[in-house]
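A short write-up of the structure that comes next.
The values are calculated or read from the model by the stated rules, or taken from the named source; none is laboratory data. Nothing here was measured: the structure is a model prediction, and the numbers come from that model. Don't worry about glycine lacking a Cβ; one is built from the backbone with ideal geometry, like all the others, and counts go over all protein chains shown.
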Amino acid sequence: MSGKLMKLTIHVWRQANKGAEGAMKSYVVENVSEHMSFLEMMDTLNEQIQAKGEEPVAFDHDCREGICGMCSMVINGIPHGGHRGVTTCQLHMRHFKDGDEIYVEPWRAQAFPVLRDLVVDRSAFDRIIAKGGYVSVNTGGAPDANALPIPKKEADLAMDAAQCIGCGACVAACKNASAMLFVAAKASHLGHLPQGQPEQLDRVKNMAMQMDAEGFGNCSNLSQCEAVCPKEIPVRVIAEFNRDLIKAQFKG
Amino acid sequence: MKLNSAIPEGAIEDKWRKHKLALPLINPANKRKYKIIVVGTGLAGASAAASLSELGYQIDAFCFQDSPRRAHSIAAQGGINAAKNYQNDGDSIRRLAYDTVKGGDFRAREANVYRLAEVSVNIIDQCVAQGVPFAREYGGHLSNRSFGGAQVSRTFYARGQTGQQLLIGAYQALEKQVNAGAVKMHTRHEMMELVVVDGHARGIITRDMVNGKVEAWAADAVVLATGGYGNVFYLSTNAKGCNVTANWRAARKGAGFANPCYTQIHPTCIPQAGDYQSKLTLMSESLRNDGRVWVPKKAGDTRSPDQVPEDERDYYLERKYPSFGNLAPRDIASRAAKQVCDEGRGVGPGGRGVFLDFADSIKRLGKKVISERYGNLFDMYTTITGEDPYSVPMRIYPAVHYTMGGLWVDYNLMSNLPGLHVLGEANFSDHGANRLGASALMQGLADGYFVIPYTIGAYLATAKQPKVTTDHPEFKKAVADVNARQAKFLSIKGKRTVDSFHRQLGQLMWNKCGMARNEKGLKELLQEIPALREEFWRNVNVPGSAESLNVALEQAGRVADFLEFGELLALDALERNESCGGHYREEWDDEGEAKRDDSKFMHAAVWEWKGEGQKPERHVEPLVFEAFKPSVRSYK
């Protein structure tokens, strides 16, 4: 039982490498089952393309269960396709119908250069984390885990933010290509825990500086990021971040 | 092949403590003179790279993903075990070690397992200090839950995303060291070859997956933390990128591969929906606490589940295992599901599925309680299948999940190739023939944070190898080998895609070396795999060039290695003429349970590569149980 079968037209961004000119190219994909995930539809497309001797469409993917943060497609103009709380790999074809035309593009942001087709370079995120997205503790010598009680409410708020998978959809959705939701989620995760307190102000300052240096834009509080975030990270983390940033500036 | 397990003398409680005291040290000022390569950045690799660099070693770390934070440890859901005994329910290091040895069906090395249990308590402390947001009680203390195969509550968790949170903790520790200049991180780099000089592992060859550049890296020691080989079955709960290449390339250079036939099948996964299926998704085992597993009594019954009256349903786990019921261990629940499907009583597309029904629990507890307990899992199920498990029973089927086998290592986590260290799922040492839930995360972090930082220093202090550079002929040769192999893939220009070969291999492996194995099937498989491999090298189509981001070329290398490794797995399954844990030989059955043959197989089987077309040689490391007496695992 492969469910309802569809024939679709896929318009997809093809670009040979970082320096090359890219363009949208159209393909017809047949026998797409409604039970397929979006990436399985792309696999099917790639099998059909390769049968004709063409190179497959390159796209990032790995766990295919919505947690690794690797998959990254703008589908019909919306990062991850517009279903709340869902990554591209968890989007299923039953949301499309026979004869649909689907536009598939990479994340678009100056700080995320396209490497090939739908694959972009998100190493800027790693460089931001390296500037302070951690507690400076070495291995060994940690006190007993229960020595410092943490209110459940604070631990839950930290966990809400810590769920970020670093996919970059927030940047792709933002008209300014701002990375505020990503950066603020990390600050909120650590800021709600006593272990993160000693470095919190330096953390927000240094990560904000790196965010600017990488070429991400500013936040204009439109919350597009929250709407597309597959982990539904709330924009309250951005408010917390701005508060800490102001504190850090006063502190100098 | 020389296999010296290097287990320290003394009582099991004293081994690790005394061993640490006896290990030679390297002066802090001298540590910076040593370079260590770490391949893989999951829990084991990231924690090792961070911890080793904190000690002062120079680290080059590699991963094939676009960021170290993507490694597949991230997908672990349930939790991490530790013998903290915070619940006052009688847990102890010894009990955790015993549960792990017993769960592994007495096929693990008990000294390693005991050490694992010992350092488990430090892992939780370390992770909390890093800011891992574990679940907490209202009083602010850490929360625990129980997990399969244990009678105490020792599992720490962070919602259903424990692996993610632990990995992010390790990743952040790693990035801290990157910022300090102590770790050089190489993302989108795939290890293609291990380089051995004068019998010691001295470096690796990588391919830059963006521009295709093949590069050599020299070091004083190499650490592989490259995960398991579940994707030899094509369909598994592993990430698509998981592969055996790093381990297999090391095996071809002389590292022993231990117990490849030990694979774990997880009973609660979403069944395959069609031929296009690219991977299988795990649903947490916790669902079996409130769901009842059943199939129709009659074969070929295609009525919708609500049309099947109560007396025409077979709640087979409750019937066969009255005391454990729906909570029977993973391997047993998996085989029982296969059996009813083989009888033609499976449900859903292709008849490979069983119902996991929450109707009774919803009636008893109300929809709200069930939603509080499993809401996120139900949502995930609905996203994938389009069905609503509150009103229609879930369909589940077993899937390949974890591989207990791996490169052989001694007590110091060093393989038989001096200088090559292997951590986490990539090694073989701690889980025997079956792994208990919430123990994979524990092992990855134990190896990386608390074992390798001690043991690798002893190797470096005593190895006394001269410095080598990538100008050494062995590096030149390895680079040439990698280039030649890539050129070969691109030159075949056959008719079939790489993926089609991988799918076919997976199907062969699953049918004849999956949940149940027998001599006849394994012997057939040992004919079929070489035939498929031969066709691959003649008829595969790898388009594009080696000098660019080339997805098909990446896959070709991995599938070529799976085509060799799969044969070894089948051979190991054939030679291990007993059942134990996840390795179930139909000839060795005790009313549906695995029947061991301790008189002949109380050992790890370690395979030595003898060259293409040659039969690998089987060596053994006898397993000696001094602290824990082997018993029969019974769940009736």
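Worth a mention:
- From B:SER284, B:SER278, B:SER236, residue being polar (S, T, N, Q), within 14 Å of chain A (Cβ to nearest Cβ) and within 30 Å of B:VAL369 (Cα to Cα): B:SER284
- Scanning segment A:228-252 for residues being assigned to a helix (DSSP H, G or I) and more than 12 Å from the chain's Cα centre (by Cα) gives a total of 16.
- Answer residue from segment B:159-174, given it is out of contact with any Ser or Thr (no Cβ under 8 Å at 6 or more places or on another chain) and either more than 9 Å from chain A (Cβ to nearest Cβ) or touching a residue at least 60 places away in the same chain (Cβ under 8 Å) (or both) and is nearest to A:MET207 (Cα to Cα) among those: B:ILE168
- Tally of residues being more than 20 Å from B:LEU280 (Cα to Cα) and more than 8 Å from chain B (Cβ to nearest Cβ) across segment A:47-71: 4
- Of all residues in segment B:340-391 being more than 14 Å from every other protein chain (Cβ to nearest Cβ), in contact (Cβ under 8 Å) with a residue 40 or more places away in the chain and surrounded by fewer than 16 Cβ atoms within 10 Å (Cβ to Cβ), the one that is nearest to B:GLY160 (Cα to Cα): B:LEU365
- Among the helices (runs of 4 or more DSSP H) confined to segment B:93-194, the ones with at least 1 residues that are within 28 Å of B:TYR57 (Cα to Cα) are located at B:110-130, B:162-179.
- One residue alone among A:SER178, A:SER188 is closer than 24 Å to B:GLY163 by Cβ and among the hydroxyl-bearing types (Ser, Thr, Tyr), and that residue is A:SER188.
- Residue in segment B:296-306 that is buried (at least 24 other Cβ atoms within 10 Å of the Cβ), farther than 28 Å from B:HIS200 by Cα and touching a residue at least 40 places away in the same chain (Cβ under 8 Å) present: no
- Exactly one residue out of A:GLU54, A:GLU40 is surrounded by fewer than 23 Cβ atoms within 10 Å (Cβ to Cβ) and modelled with pLDDT under 95, and it is A:GLU54.
- Counting only helices (runs of 4 or more DSSP H) that sit wholly inside segment B:446-534, those with at least 3 residues that are under 30 Å from B:TRP16 (Cα atoms) are B:452-463.
- Which numbered condition B:ALA150 fails, given (1) at pLDDT 95 or above; (2) within 25 Å of the chain's Cα centre (by Cα); (3) hydrophobic (A, V, I, L, M, F, W, C): (1)
- From the options B:ALA627, B:ALA552, residue that is among the small types (Gly, Ala, Ser) and closer than 30 Å to B:GLY10 by Cβ: B:ALA627
- Segment B:54-110, residues that are within 13 Å of chain A (Cβ to nearest Cβ), on the phi < 0 side of the Ramachandran plot and either among the polar types (S, T, N, Q) or in contact with a Cys (Cβ under 7 Å, 6 or more places away or on another chain) (or both): B:GLN65, B:SER67, B:ARG70, B:ALA71, B:HIS72, B:SER73, B:ILE74, B:ALA75, B:GLN77, B:GLN87
- Failed condition for B:ALA216, given (1) buried (at least 22 other Cβ atoms within 10 Å of the Cβ); (2) touching a Phe, Trp or Tyr at 6+ places or on another chain (Cβ under 6 Å): (1)
- Per-region count, segment B:1-33, residues in a loop (DSSP other than H, G, I, E, B) and under 31 Å from the mean Cα position of the chain (by Cα): 15
- Extreme residue, nearest to B:ILE168 (Cα to Cα), among residues of segment A:110-160 that are more than 7 Å from every other protein chain (Cβ to nearest Cβ) and in a strand (DSSP E or B): A:VAL120
- Flag if B:LEU553 is buried (at least 22 other Cβ atoms within 10 Å of the Cβ) and in a loop (DSSP other than H, G, I, E, B): no
- When B:ARG395 is tested against (1) of a type in the set (D, E, K, R); (2) assigned to a helix (DSSP H, G or I); (3) within 12 Å of chain A (Cβ to nearest Cβ), just one condition goes unmet, and that condition is (2).
- Filtered residues of segment B:569-613 (kept if part of a helix (DSSP H, G or I) and surrounded by 24 or more Cβ atoms within 10 Å (Cβ to Cβ)): B:LEU569, B:ALA570, B:ASP572, B:ALA573
- Selected residue (only one of B:GLN486, B:GLN507 is out of contact with any strand residue (DSSP E or B) (no Cβ under 7 Å at 6 or more places or on another chain) and under 30 Å from B:LEU420 (Cα atoms)): B:GLN486
- Search result, residues across segment A:130-186 that are of a type in the set (A, V, I, L, M), touching a residue at least 60 places away in the same chain (Cβ under 8 Å) and in contact with a Phe, Trp or Tyr (Cβ under 8 Å, 6 or more places away or on another chain): A:ALA169, A:VAL171, A:ALA172, A:ALA177, A:ALA179, A:MET180
- Qualifying residue in segment B:509-520 (condition: modelled with pLDDT under 95, among the aliphatic types (A, V, I, L, M), touching a helix residue (DSSP H, G or I) at 6+ places or on another chain (Cβ under 6 Å) and under 22 Å from B:GLN277 (Cα atoms)): yes
- Selection from segment B:234-254 of residues that are over 13 Å from the mean Cα position of the chain (by Cα) and touching a residue at least 40 places away in the same chain (Cβ under 8 Å): B:TYR234, B:LEU235, B:GLY241, B:THR245, B:ALA246, B:TRP248, B:ARG249, B:ALA250, B:ALA251, B:ARG252, B:LYS253, B:GLY254
- Matching residues, segment B:197-228, being within 14 Å of another protein chain (Cβ to nearest Cβ), in a loop (DSSP other than H, G, I, E, B) and over 28 Å from B:MET404 (Cβ atoms): B:MET209, B:VAL210, B:ASN211, B:GLY212, B:LYS213
- Scanning segment B:529-548 for residues that are of a type outside the set (Phe, Trp, Tyr), crowded, with 19+ Cβ neighbours inside 10 Å and within 28 Å of the chain's Cα centre (by Cα), we see that the one that is nearest to B:GLN339 (Cα to Cα) is B:ILE529.
- The condition of being over 30 Å from B:ALA216 (Cα atoms), of a type outside the set (Val, Ile, Thr) and more than 26 Å from the chain's Cα centre (by Cα) holds for B:GLY494.
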